[in-house]
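Here's the structure, in structure tokens; my notes come after.
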Amino acid sequence: MTLDPDTARRLRDGMAHGVLSFPLTSFHDDGTLDPDGFRAHVAAQIATGPGAVFPACGTGEFFSLDEDEYRQVVTIAVEEAGGRVPVVAGIGYGWAQAVRFARIAEEAGADALLVLPHYLVAAPQDGLVAQLEQIAARTRLPLIAYQRGQVAFGVDAFRRVAAIDGVIGLKDGHSDLDRLQRLTLAAPEDFLFFNGASTAEIQARAYATVGVPAYSSAVHAFAPEIANAFFTALRDGDDGTLEKLLRDFYVPLVELRDRVPGYAVSLVKAAARLRGRPVGPVRAPLTDPSDADLADLRVLLTTGLDLVGAAL
């Protein structure tokens, strides 16, 4: 496959100037896709200057989309980005199904693909490498591997992954900094790394110490003012601002997130709705927050916006 060598450069440049945006997928109250709502949401996300946009990934409920809905979501993201920022679409399941989504993303005009952890089964290191080899051989788009859940690369397997033609980066969600440091030291010079931990800001400083300053931000999906203030403080070494945001907003957010499985997405959508964003509810098997948790979220969101001088 012929790859666009400019994509990695654009991603690297974007990562240096802004957080990575993972937009929410908008649904109507009856659970059907809301293309107009998604278009408005992703346009607002892009207007705040993210380093890249990642539609139909974990925060975007990729696992709940059928192929036609996926096509609409990626197409809209590409149209709204208009070439201003890279668009990296999520793909996943087994490699055969991942390739089907990859072809849709290609046709929609995506710049690259984030390969989400495969479905259900645990696999040996050879199998993890083979999964990426099979996908890379069948798409012209660059791939970013995502190690999380049942996917975790050892150094030897990672070297083989980094040598696959078309694999340009790794997103890490394990937060094992010992392992991650070994991987960064084994990587080619131009290989991209991303902090993909849940509520990545909590560990952003720690990731940066092992050479991984770029991170995804779920908070950006509902409060780009907070996410961008944190990014600026991290970039500028403003520890006072970082610690205030961590102590008074991010840590309480994680404590609220940990109350119920799935709140990593459900709370983000609920917070966006509190700010009038047209994202709608989550789809089953996720559930929207309880009234009590929603009340706590409203207080926390107000606190976070007050910290950066923004209004609810």
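Once phi is turned into θ = phi - 60°, what whole-Hz ³J(HN,Hα) does the Karplus curve with 6.51, -1.76 and 1.60 give for every residue of the range 259-274, x standing for Gly and Pro?
Working through the residues one at a time gives 5, 9, x, x, 5, 4, 9, 4, 5, 5, 5, 5, 5, 5, 5, 4 Hz.
Restricting to the chain, compute how many DSSP beta bridges are antiparallel as a %, nearest 5.
5
From the backbone phi of the range 204-212, what are the Karplus-calculated ³J(HN,Hα) couplings (6.51 cos²θ - 1.76 cosθ + 1.60, θ = phi - 60°) in whole Hz, Gly and Pro given as x?
These are the phi-based 3J(HN,Hα) values: 4, 5, 5, 4, 4, 5, 9, x, 10 Hz.
Values in this text are rule-based calculations from the coordinates and carry no lab data. Because the structure is a prediction, the values reported are computed rather than measured.
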